[in-house]
1. List the pairs whose first member sits in segment 151-180 and is modelled with pLDDT of 95 or more, whose second member is open to solvent by 80 Å² or more (accessible area, probe 1.4 Å), and whose Cβ atoms are under 6 Å apart, counting only residues at least 6 apart or on separate chains?
2. Specify the residue that is most open to solvent (accessible area, probe 1.4 Å); the eligible residues are those in segment 106-143 that are of a type in the set (Lys, Arg) and touching a residue at least 12 places away in the same chain (Cβ under 8 Å).
3. Might you let me know whether segment 59-70 holds any residue that is of a type in the set (A, V, I, L, M, F, W, C), within 14 Å of ILE148 (Cα to Cα), at pLDDT 95 or above and part of a helix (DSSP H, G or I)?
4. Which condition number in (1) closer than 23 Å to ILE167 by Cα; (2) crowded, with 16+ Cβ neighbours inside 10 Å is the one that ARG51 fails?
5. Scanning segment 128-178 for residues that are of a type in the set (A, V, I, L, M) and in contact with a Lys or Arg (Cβ under 7 Å, 6 or more places away or on another chain), which turns out farthest from GLU22 (Cα to Cα)?
6. If the Cβ limit is 6 Å and pairs must be 6+ apart or interchain, which residue in segment 3-18 that is closer than 16 Å to LYS179 by Cβ pairs with which residue that is open to solvent by 60 Å² or more (accessible area, probe 1.4 Å)?
7. Is one or more of the residues making up segment 154-170 open to solvent by 70 Å² or more (accessible area, probe 1.4 Å), in contact with a helix residue (DSSP H, G or I) (Cβ under 9 Å, 6 or more places away or on another chain) and over 21 Å from HIS31 (Cα atoms)?
8. Return only the number of the condition from (1) loosely packed, with under 12 Cβ neighbours inside 10 Å; (2) part of a loop (DSSP other than H, G, I, E, B); (3) touching a helix residue (DSSP H, G or I) at 6+ places or on another chain (Cβ under 8 Å) that PRO91 does not satisfy.
Amino acid sequence: MKNEMPQLPYPANGLEPVISSETMEYHYGKHLQAYVTNLANLVQGTDYASRDIEDIVATAPDGGTFNNAGQVLNHTLYFLQFTAPGQGKSPQGKLAELIERDFDNLDNLRKQMEEAATTLFGSGWAWLSLTPEGKLRISQESNAGNPIRQGCKPLLCIDVWEHAYYIDYRNRRAEHVKKLWDIVDWQAVGNRL
């Protein structure tokens, strides 16, 4: 993945009513754009300038370069995992098998992801990832954290920075998290395996 704005597979209002076009304007259009711009400025003339985002996130020391690269990667994965409400179908193939094996069913996965997202103190992310041993795991990452730093493959994420939901849900983080399931594109998540 390069340091660039991802091309969304839906229009700015395509996730309504779960995520409003106003939230998309700020979250995607301003926040993510700022991270892309900041990272470009930070890596200019450094060894990181020619690296892909995953490599920067995996290897950069804590600080500005890691924070901005993490937010570019995290937000890109976040925005590209959605589709119009009711269009996301259900997990299929290998992803469905792993969910069944590691969580018994999709409802258990959802409950555990919701708990991780709603109990994370402060800003950050709840993640579903694939461990190097081939197991699915749920984790909480503060700020720009990403499971790639522990050698895991990120599959699905829930952004719990307030800018992800405050326009639409105010302080009702749990309500926002529950509604995200209506727009998850399980095919996109499965393709990440």
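The values are calculated or read from the model by the stated rules, or taken from the named source; none is laboratory data. As the structure is a prediction and not an experimental result, all values here were calculated from the model. Every residue, glycine as well, gets a Cβ built from its backbone with ideal geometry; the counts of neighbours run over all protein chains shown. Each accessible area value is taken on the protein alone, full model and side chains, heavy atoms only, with ligands, DNA and RNA left out. Shrake-Rupley method; radii C 1.70, N 1.55, O 1.52, S 1.80 Å.
1. GLY151/PRO132; ILE167/GLU22
2. Looking at residues that are of a type in the set (Lys, Arg) and touching a residue at least 12 places away in the same chain (Cβ under 8 Å), I get LYS135.
3. yes
4. It is condition (1) that ARG51 fails.
5. Top of the filtered list is LEU130.
6. These pairs meet every condition: VAL18/LYS179; VAL18/ASP182.
7. no
8. (1)
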